[in-house]
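The structure under discussion appears below in the form of structure tokens.
The values are calculated or read from the model by the stated rules, or taken from the named source; none is laboratory data. Just so it is clear, the structure is predicted and the values come from calculations on it, not from any experiment. Every residue, glycine as well, gets a Cβ built from its backbone with ideal geometry; the counts of neighbours run over all protein chains shown.
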Amino acid sequence: MKTALITGITGQDGSYLAELLLEKGYMVHGIKRRASSFNTQRIDHLYQDQHEKSVNFKLHYGDLTDSMNIIRIIQEVQPDEIYNLGAMSHVKVSFDSPEYVANVDGLGTLRILEAVRILGLEKKTRIYQASTSELYGGMPENKNAAGFYDENSPFYPRSPYGAAKIYGFWITKNYREAYNMFACNGILFNHESPRRGETFVTRKITMATAAIAMGLQDCLYLGNMEALRDWGHAKDYVKAMWLILQQEKPEDFVIATGVTTKVRDFVEMSFAHVGFKIRWKGEGVNEVGVLESVDAKKYFESTGKELIVNGSELNVNGLTLNNLTINSEIIRVDPTYFRPTEVDLLLGDPTKSKTQLGWTPEYDLAGLVNDMMISEVKLVQKNMHLVERGHEVFRHAE
Ligand code: NDP
Ligand code: GDR
């Protein structure tokens with residue numbers, strides 16, 4: 001039985017990776033942070049009573065800023081594979097906490113590598129480092145001849161997050177070359193899922209779409225809708241992480257879909273799922289998305305609710321949707337979501353990972369939006385039961 005240690009196991013990717021490794025028969029250890037409230041929602045279904053005999057899933061309290069803790073856990077676990085997914089992963093928030101991000105995302109990576117070396121595990125333990133397309137910074141001149149970013153494209157990070165992650169990238173490569181360690185970077189482009197953190201743009205959009213469609217929210221405020229991202233599904237991307245550590249030689253790989261989409265188009269796709277058609281008017285900070293029409297059949301199929309369009313009033317099972325009518329302004333721009341420096345366009349070339357790793361993603365963007373929206377509508381329906389009983393359950397994602 002192989003043993004894996006996952007930092008960031010409570011996050012989106014950590015939870016999917018833990019499921020994958022358990023399916024493959026691994027003993028899975030994870031590092032979780034102590035928090036004043038529960039932070040294990042994404043992995044609660046994997047929890048095992050530690051008093052049972054054949055336990056293959058175990059959590060350890062820890063933090064990437066604490067070297068002693070990292071060394072002790074690695075010594076105890078003696079992992080065959082470490083997946084270093086732990087990070088303060090929000091680009092906008094990294095401008096607010098730049099020193100903390102450098103410590104966790106940059107030095108945290110060094111702490112993992114150095115712990116393996118101190119413990120003499122260089123020959124045994126393989127290390128996966130969660131590197132990112134943010135390293136490229138979206139600089140147009142650095143794309144390859146075909147217009148993509150690949151394993152040879154130069155880096156130009158545009159945020160404290162990107163700058164910290166570039167240290168993680170290089171120190172991983174350096175430990176590979178200096179100490180002959182099996183340490184690899186996966187340069188992953190954006191990947192999303194129903195488990196995505198609520199303040200990343202895709203999840204914020206799908207959550208708001210469901211809430212607006214069901215009458216629990218009036219308007220979605222967004223930042224830069226011109227940004228283009230190469231969005232895949234996290235379930236597919238954790239498979240690539242595993243494949244990277246099963247190769248004969250340690251190498252770095254780009255994981256991407258090879259398709260890029262504007263934030264604005266993601267908004268349209270998300271609302272189309274519930275039958276809402278958006279019309280855009282105005283420009284820049286004054287741009288708004290208005291509700292042009294509703295496809296009643298689609299609305300019923302996706303939400304299970306009847307839609308009665310009564311003049312300009314939308315009525316669901318006799319419940320008028322908040323202030324929502326045809327021509328309602330349901331998307332507005334809020335400049336507080338703009339970043340001091342933006343990454344305008346990301347588009348990755350997955351050729352190496354497809355040919356060398358044999359990686360084949362199952363989801364395209366339409367499949368991703370569909371998966372996220374189905375889950376979102378279910379969540380809102382659950383919340384609506386509580387709202388109908390007088391509970392205040394809904395929070396807007398910022
Ligand atoms: P999440 O933000 O969902 O998860 C981050 C995880 O790191 C959480 O488990 C979090 O714990 C943990 N963490 C945060 N700070 C610390 C710390 N000081 N010590 C230990 N653990 C910590 O990120 P994702 O799952 O989306 O991403 C996984 C990794 O991949 C990250 O490193 C991210 O930067 C990188 N990445 C992500 C991409 C994406 O599109 N998702 C693309 C490319 C790279 P808690 O739950 O307690 O907050
Ligand atoms: P990103 O993801 O910065 O690419 O980092 P995010 O979803 O936060 O932003 C994507 C793009 O959408 C624009 N945007 C908004 N973003 C957020 N969060 N909220 C908004 O309201 C909003 N409006 C527009 C952003 O400006 C940006 O251009 C993610 C993280 O998972 C990183 O950890 C990872 O390394 C990279 O993807 C690859």
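It is to be established whether one or more residues within the range 52-61 are within 23 Å of the chain's Cα centre (by Cα), aromatic (Phe, Trp, Tyr) and within 21 Å of Arg196 (Cα to Cα). Looking through the range 52-61, none of the residues is within 23 Å of the chain's Cα centre (by Cα), aromatic (Phe, Trp, Tyr) and within 21 Å of Arg196 (Cα to Cα). Is there a residue in the range 113-124 that is in a loop (DSSP other than H, G, I, E, B) and closer than 18 Å to Thr10 by Cβ? Within the range 113-124 (the criterion being in a loop (DSSP other than H, G, I, E, B) and closer than 18 Å to Thr10 by Cβ), the answer is no, since none of the residues qualifies. Looking at the range 276-388, none of the strands (runs of 3 or more DSSP E) lying wholly inside it contains 3 or more residues that are assigned by TED's automatic domain parsing to the domain that holds Phe95, surrounded by 16 or more Cβ atoms within 10 Å (Cβ to Cβ) and of a type in the set (Lys, Arg).
Specify the residue that is farthest from Leu17 (Cα to Cα); the eligible residues are those in the range 90-112 that are within 13 Å of ligand 1 (Cβ to nearest atom) and assigned to a loop (DSSP other than H, G, I, E, B). So, considering only residues that are within 13 Å of ligand 1 (Cβ to nearest atom) and assigned to a loop (DSSP other than H, G, I, E, B), the one farthest from Leu17 (Cα to Cα) is Ser97. Are there any pairs with C-beta distances below 7 angstrom linking a residue in the range 331-353 that is more than 9 Å from Leu222 (Cα to Cα) to a residue that is in a strand (DSSP E or B) and near ligand 2 (Cβ under 7 Å from one of its atoms), with the two at least 6 apart or on different chains, and if so which? That search, which allows pairs on different chains as well, returns Leu346/Arg229. When Thr206 is tested against the conditions (1) among the hydroxyl-bearing types (Ser, Thr, Tyr); (2) touching a Pro at 6+ places or on another chain (Cβ under 9 Å); (3) near ligand 2 (Cβ under 8 Å from one of its atoms), the lone failure is (3). I'd like to check something: does the range 212-219 contain any residue that is within 16 Å of ligand 1 (Cβ to nearest atom) and either under 28 Å from Glu362 (Cβ atoms) or in contact (Cβ under 8 Å) with a residue 40 or more places away in the chain (or both)? No, every residue in the range 212-219 fails to be within 16 Å of ligand 1 (Cβ to nearest atom) and either under 28 Å from Glu362 (Cβ atoms) or in contact (Cβ under 8 Å) with a residue 40 or more places away in the chain (or both). Answer yes or no: is there a residue in the range 118-130 that is modelled with pLDDT of 95 or more, acidic (Asp, Glu) and within 11 Å of ligand 1 (Cβ to nearest atom). For the range 118-130, residues modelled with pLDDT of 95 or more, acidic (Asp, Glu) and within 11 Å of ligand 1 (Cβ to nearest atom): absent.
Total residues in the range 118-161 satisfying the condition of being of a type in the set (S, T, N, Q) and in contact with a helix residue (DSSP H, G or I) (Cβ under 9 Å, 6 or more places away or on another chain): the figure is 6. Taking the range 173-203 as the range and being assigned to a helix (DSSP H, G or I) and either away from ligand 1 (no atom under 14 Å from the Cβ) or over 21 Å from Leu346 (Cβ atoms) (or both) as the test, the residues that pass are Lys173, Asn174, Tyr175, Arg176, Glu177, Ala178, Tyr179.
Could you please let me know if Trp242 is over 18 Å from Asn370 (Cα atoms), modelled with pLDDT of 95 or more and outside any helix (DSSP H, G or I)? Considered against the rule, which asks whether it is over 18 Å from Asn370 (Cα atoms), modelled with pLDDT of 95 or more and outside any helix (DSSP H, G or I), Trp242 comes out as no. Considered as a group, the residues in the range 186-200 that are near ligand 2 (Cβ under 7 Å from one of its atoms) and touching a Gly at 6+ places or on another chain (Cβ under 8 Å) include one that is farthest from Thr10 (Cα to Cα), and that residue is Phe189.
Checking Gly14, Gly30 one by one, the residue that is part of a helix (DSSP H, G or I), under 21 Å from the mean Cα position of the chain (by Cα), assigned by TED's automatic domain parsing to the domain that holds Ser131 and crowded, with 19+ Cβ neighbours inside 10 Å is Gly14 and no other. Only one of the numbered conditions (1) under 27 Å from Gly367 (Cα atoms); (2) free of Cβ contacts under 8 Å to residues at least 60 places away in the same chain; (3) among the β-branched types (Val, Ile, Thr) is not met by Thr325, and that is (1).
Can you confirm whether the range 134-155 contains a residue that is modelled with pLDDT of 95 or more, out of contact with any Asp or Glu (no Cβ under 6 Å at 6 or more places or on another chain), in a helix (DSSP H, G or I) and not aromatic (Phe, Trp, Tyr)? Yes, the range 134-155 contains at least one residue that is modelled with pLDDT of 95 or more, out of contact with any Asp or Glu (no Cβ under 6 Å at 6 or more places or on another chain), in a helix (DSSP H, G or I) and not aromatic (Phe, Trp, Tyr).
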